[in-house]
Amino acid sequence: MARRPRGLRWLLLGLALQNLGRRKARMLFLIAAVALGSGVVFTGATLMQSINRSMTAGFTRMGADLMVVPEGALTNITAALLVVEPTDLVLDADALGKARLSSVRRSAAQKIVRVQHSGIGSHHDSVDLIGFEPARDFTIQPWLVEKVNRELRRGDVILGAARDAPLGSELLIFGKPHTVYGRLARTGVGTHERGVFMSFATLEALAPAIPGDGGAPPAVLAPGKTTGFLVELAPDATALQARFAILSALKGVKVVSGDSSLGGIRQGLAALLDGILALMVLMFASSALMVSVLFSAIVTERRRELGLLKAIGARRAQVLGMMVSEAVLATGLGGLLGVVLGVLVLRLYEHSLVYYLDRVGVPFLWIDAPTMLAYAVAAIAMASVIGALAVLYPAWRASRRDAYDLVRSEG
Amino acid sequence: MLSCRHLRKSYATERGTVVAVEGIDLDVPAGRFAAVIGRSGSGKSSLMAMIGGLSRPSNGQVLVDSMDIWSLSDAELARFRNGRIGFIFQFASLLPTLRLVDNVALPAMLDHKRAGGDVYGRAATLLARLGLGDHLDAYPTEVSAGEQRRAVIARALINEPQVLLADEPTSDLDEQTEIEIMDELLGVNRELGTTLLLVTHNLALAEQAEQIVHIANGAVVT
């Protein structure tokens, strides 16, 4: 008696595995093609997301595209729009959000109040206390060079580059204790470098202690009020379009433009990344087409075997299942190889270009490991799905034919 | 009882329609040995394929115990082929990538109800009975053509079919092997009561049959 009995699934799987080895050169070609396709997708997706992440960090450091402030407010023209300027005039904090402008990708409100005798610095020094919304901000937190290892919370302050205090130390502002949460890098923008930054909630809690004109706290410290907005354009919008849209939607505001070339570069790079994505999709689609043609030939070649299986009582689902298993095994292996090759390419990239960028002070931010793992799994899964889809139609057609026709076929 | 009623099979070719079987009526009582004879191209194999559920007739019926097999659904027909028909082709029809014992066990494993028992034990017993007890783990290419044909017979018998259809099962074998194979088939017919429909050019062999069906130009002559 045979010593190694096999279950049906193992038998059919074994049949599929052995068939893979029948025409080694063709199967290696198939696996290599799938490996190339899935490798390009994995590597491309990882690099694209990493570049996007690095770009996002880089460009947000370059400031907003536009700044929206009250019409009568004075503004200093600086190279980068990072922070609003002090003014007695105020806007409603939800004014821009309510307008729902398609040319605006995101906006962040800021409150600023210039105070004296705050307890920071020497007695007569004026200090800009700047409030921002941590969840919406994109011009302050990207400049954090050091911070306490936790999320920003009420009572925390961030110091501009020109101010110095140990992280985590206590800072009294108008006699009220605050914690130094972090410190910003040098930006060259005076208000930004000398500012003391905190959340709206922290700044509003200080309001009763801050004397304004006539003794009442400054109007901007009231909840729902803001000094101005920093605006990032939508990917396909121009500064001019956004300016017109804002001016027609909001009354009594002034729109200040930043360096328009930065927005153009960002939009251009975003378009380039979209182009790379399209190229990747095209490459994957062509791999899928090739796999489909190859499997069509494989099924044609094995019609007699499929006919024999049908003749001895295999159901169509069993015949299809065997062919799909075979295809999934081959293309899944290709996908796995592609990911391994992709990792090697990424390592090479890390040791060359990323190393160079780092040396010249341009940070390159890789996507995190779980995301990269998810991309790898997705690339392998996509390769397997392509194999299954590629074989499904020819196998389905073959399985519909009479067993006798299949058995009489050449192959 | 195996019956054919007005059975017709035509093929569409580039040169027009070719009629392979033209309105055959046939009755083969259960347990009988019937020989199908006729010249090459007379329609014998097409008839066998339709009876075995392998090729859909253009017209007519194939009745097994009064059930029209071609009215069954695709899954039911597969179950019918699996459980009630054993088909032996005129060529070695083993799957080359499976061992002999796997080849023989496979039909039983395709049906979940049969797969539960000692399928491999039955496969091994059948192969041993056909003189292949020492070749259970051999692959088809590792045994002779005659041994392959015996393994095919074992595979056809694994599910204890009601009808055994053998389409020139000894066509390319030497005389001695042919005698041995035919002895096995006739033994199955006699001992198990399996209906045997045998296509053959060997008139001496056909004369041993209880019923001879002579086919010419797709029709039954006698």
Verdict on residue B:90 being at pLDDT below 90, farther than 16 Å from residue B:2 by Cβ and either within 12 Å of chain A (Cβ to nearest Cβ) or part of a helix (DSSP H, G or I) (or both): yes
Identity of the residue in the range A:225-253, of a type in the set (A, V, I, L, M, F, W, C) and under 17 Å from residue A:83 (Cα atoms), that ends up modelled with the highest pLDDT: A:229
Count of the range B:66-87 residues which are out of contact with any Ser or Thr (no Cβ under 9 Å at 6 or more places or on another chain), facing chain A (nearest Cβ under 10 Å) and small (Gly, Ala, Ser): 3
Test: residue in the range B:131-141 that is more than 8 Å from chain A (Cβ to nearest Cβ), closer than 18 Å to residue A:313 by Cα and without any contact (Cβ under 8 Å) to a residue 60 or more places away in the chain: no
Test: residue in the range A:350-365 that is under 30 Å from residue B:78 (Cβ atoms) and assigned to a helix (DSSP H, G or I): no
For residue B:24: the one exception among (1) surrounded by fewer than 17 Cβ atoms within 10 Å (Cβ to Cβ); (2) over 17 Å from the mean Cα position of the chain (by Cα); (3) more than 9 Å from every other protein chain (Cβ to nearest Cβ): (1)
Selected residue (only one of A:235, A:218 is in contact (Cβ under 8 Å) with a residue 60 or more places away in the chain and over 22 Å from residue A:72 (Cα atoms)): A:235
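So that you can scan it fast, the table gives a plain yes or no per residue for (1) farther than 26 Å from residue B:79 by Cβ; (2) within 12 Å of another protein chain (Cβ to nearest Cβ); (3) not charged (D, E, K, R):
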| site | (1), (2), (3) |
| --- | --- |
| B:97 | no, yes, yes |
| B:145 | yes, no, yes |
| B:156 | no, yes, yes |
| B:169 | no, no, yes |
| B:173 | yes, no, yes |
| B:176 | yes, no, yes |
| B:179 | yes, no, yes |
| B:188 | no, no, yes |
| B:197 | no, no, yes |
Residue B:15, sole failed condition from (1) at pLDDT 95 or above; (2) away from every other protein chain (no Cβ under 14 Å): (1)
Filtered residues of the range A:133-161 (kept if surrounded by 14 or more Cβ atoms within 10 Å (Cβ to Cβ), aliphatic (A, V, I, L, M) and free of Cβ contacts under 8 Å to residues at least 40 places away in the same chain): A:148, A:159, A:161
Among the candidates A:102, A:38, residue that is modelled with pLDDT of 80 or more and in a helix (DSSP H, G or I): A:38
Cβ pairs under 7 Å, 6+ apart, first in the range A:91-104 and in the same structural domain as residue A:71 (by TED's automatic domain parsing) and of a type in the set (Ser, Thr, Tyr), second surrounded by 21 or more Cβ atoms within 10 Å (Cβ to Cβ) and part of a helix (DSSP H, G or I): A:103/A:242
Selection status of residue A:377, free of Cβ contacts under 8 Å to residues at least 60 places away in the same chain, closer than 19 Å to residue A:317 by Cα and either within 14 Å of chain B (Cβ to nearest Cβ) or aliphatic (A, V, I, L, M) (or both): no
Test: residue in the range B:175-187 that is part of a loop (DSSP other than H, G, I, E, B) and loosely packed, with under 14 Cβ neighbours inside 10 Å: no
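Taking the criterion of being outside any loop (DSSP other than H, G, I, E, B), charged (D, E, K, R), within 13 Å of chain B (Cβ to nearest Cβ) and under 24 Å from residue B:89 (Cα atoms), would at least one residue in the range A:315-322 satisfy it?
Yes - at least one qualifying residue is present in the range A:315-322.
Yes/no per residue for (1) under 16 Å from residue A:97 (Cβ atoms); (2) surrounded by fewer than 16 Cβ atoms within 10 Å (Cβ to Cβ):
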residue	(1), (2)
A:219	no, yes
A:229	yes, no
A:234	yes, no
A:237	no, no
A:257	no, no
Any hit, the range B:168-180, residues being at pLDDT 90 or above and of a type in the set (S, T, N, Q): no
Some residue of the range B:114-129 being in contact with a Ser or Thr (Cβ under 9 Å, 6 or more places away or on another chain), crowded, with 24+ Cβ neighbours inside 10 Å and either facing chain A (nearest Cβ under 10 Å) or not hydrophobic (A, V, I, L, M, F, W, C) (or both): no
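The values are calculated or read from the model by the stated rules, or taken from the named source; none is laboratory data. All values derive from a computational prediction rather than experimental measurement. Glycine also receives a Cβ, built like all others from the backbone with ideal geometry; neighbour counts cover every protein chain displayed.
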